[in-house]
């Protein structure tokens with residue numbers, strides 16, 4: 001949290017009693033599509049994804065998150081409306097969970113937490129904008145190459161089916177792209 005905004009003892013003391021540590025197993029959900037996302041999770045270890053399942057059961061990963069990252073269905077969390085995405089652990093994951101109601105109370109009570117929330121929201125906006133631009137402006141092969149350059153650790157951390165879903169392509173298409181690039 002200090003890399004987002006340095007924290008003082010008073011602000012930490014306001015938050016600490018409300019944090020809940022939780023261990024999630026692979027396949028456990030923080031929230032499911034159609035439910036209201038009532039909390040945000042900070043990943044201590046492990047990894048999670050936020051994904052959408054289309055009518056033809058194709059999964060598209062909006063987010064792949066691991067250690068020291070926040071995850072939830074942000075729109076559902078902010079508006080308290082039904083989630084569009086499933087938020088799921090994709091391996092054993094330890095998270096620290098904070099409820100929306102507690103976060104709202106912290107925003108109202110504390111200048112620090114209000115600033116912290118704004119900085120997190122700004123980061124989420126910039127990440128979302130970059131993600132949308134990747135999908136809009138680049139083809140599948142260029143998205144794959146850009147992901148390799150920006151996040152080579154993803155290829156060690158996440159299964160190829162999750163990477164394909166993150167790139168917005170079918171696993172078979174990812175296999176063809178990888179085979180084509182090996183030939184060159």
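The table for this structure:
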read-out: Global form of segment 87-161, assessed from the alpha-carbon gyration tensor, a/c cut-off 1.5; value: oblate
read-out: Gained length - residue 129 relative to residue 45, 0.36 nm times residue gap less alpha-carbon distance; value: 27.6 nm
read-out: Using a Förster distance of 35 Å, the FRET efficiency for residue 105-residue 35 (Cβ separation, nearest 0.05); value: 0.95
read-out: Anisotropy class of segment 138-184 from Cα gyration tensor, a/c 1.5 cut; value: rounded
read-out: Paramagnetic reach from residue 149 in segment 61-75 [backbone N under 13 Å; point 7 Å along Cα→Cβ]; value: none
read-out: Nearest 10 degrees, 0 to 90: helix 140-150 Cα axis against the chain principal axis; value: 50 degrees
read-out: Rounded FRET efficiency, nearest 0.05, which uses the C-beta distance separating residue 56 from residue 159 and R0 of 22 Å; value: 0.60
read-out: Where only C-alpha atoms are counted, convex hull volume of the chain per residue in Å³; value: 121 Å³
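Bear in mind that the values in this text are calculations on the coordinates, not laboratory data. If you're wondering where the values come from, they're calculated on a predicted model, not measured in any experiment. Cβ atoms come from the backbone with ideal geometry, glycine included; neighbour counts cover every protein chain shown.
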